[in-house]
Every structure is written in structure tokens, then in C-alpha cells.
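Trainee: Would you mind keeping the following structure in view while I ask a few things?
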Amino acid sequence: MIFGIGVDIESIKNFKKSYKDKHFLDLIFTKEEIMYCQSKKESYISFAGKFCAKEAVIKAYNKKISIKKIEIINLKSGKIIVKINGRINNKIKCSISHKEDYAISFVTIENG
């Protein structure tokens, strides 16, 4: 049974302008997320996707949570793991996609 659903879409162009701002990145992303995104050729695309995923988690979660307490981990297999307060939450399922000017994420949280 599904407890919550969240979706978010962001302009990749906005991240192309702000992804070099260390203060901005430190407010939103964990050190591991920053390292992952910066390892990519066009890191602003990955930052936009992770931001979307965090926003989608917030929308699906049924209580207030800080964006910084959500961590989006990309496994080599392509699977996405979501951590809340440093702990893996297997009930949260997340998908991220991007094309041209937009990144989007869809999240479900299972009940029970």
C-alpha cells in the first residue's frame, strides 16, 4: 500500500547558473552527493536531478523534514537509494530522469 506520492520538476538551466556556488550546494546537498555530482561531466544535470528527488521526497513524506536530511544515493546498478537522517529507508522508491531543459523525479513511500 502506498503511504505517499511526490513529484518534482526543475529547470536544468537554473542549476547551470548556481551549481558552482559552494554555499548553495552546502545548504542543499550532502558531501557524498556533491562528490557524486561533481564526478559527472555536466554535474549541474545531476544536481538538478538530486534536487528534484529531495523535493519529491518532501512532498511524499507526511511530516516536515529538512532537505539536507535527505540523501539521494545512486548505485552503480542504476538503482536509487534514499537515506533519511543517514539511514536507508527501503520504503521510499525514487526515480529520476532528465531531458534537454528539465529534470524530474517521482517518489512513492510504502506504508507499513
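Trainee: Please work out the ratio of the alpha-carbon Rg of the chain to 2.2 N^0.38 Å and round it to two decimals. List each step's numbers first, then the result.
Mentor: Values: Rg = 13.2 Å, N = 112, 2.2 N^0.38 = 13.2 Å.
Cα Rg divided by the expected 2.2 N^0.38 Å: 1.00.
Trainee: Let me have the relative contact order for the chain, percent, based on Cα pairs under 8 Å that are six or more residues apart.
Mentor: Values: 212 pairs, mean separation 42.7, N = 112.
After rounding, I find 38 percent.
Trainee: How much mean residue ellipticity at 222 nm does the chain get from its helices, if each DSSP H run of length 4 or more adds -39500 (n - 2.57) and you divide by all residues, to the nearest 500 deg cm²/dmol?
Mentor: Result for the chain, helices only: -10500 deg cm²/dmol.
Trainee: Using alpha carbons only, how many degrees (0 to 90, rounded to 10) separate the axis of helix 43-60 from the longest principal axis of the chain?
Mentor: It works out to around 20 degrees.
Trainee: May I ask you to list the trypsin sites (Lys or Arg not before Pro) in segment 1-51 that are in a DSSP loop and have at most 14 other Cβ atoms within 10 Å of their Cβ? Display every interim value, and only then the final one.
Mentor: On the way: sites: 13, 16, 17, 20, 22, 31, 40, 41, 50; in loops: 20, 40, 41.
Within segment 1-51, the qualifying trypsin sites (Lys or Arg not before Pro) (loop, at most 14 other Cβ atoms within 10 Å) are 20, 40, 41.
Trainee: Something else: Taking the Cβ of residue 3 as the center, what net charge do the other residues with Cβ under 14 Å away carry, scoring Lys and Arg +1 and Asp and Glu -1? Before the final figure, lay out each step's value.
Mentor: Details: positive: 59, 63, 91, 93; negative: 110.
For residues surrounding residue 3, the net value is +3.
FYI, it's all coordinate maths here, none of it is from the lab. Small disclaimer: the values here were computed from a predicted structure and weren't measured. Backbone-built Cβ (ideal geometry, glycine too); neighbour counts: all protein chains shown.
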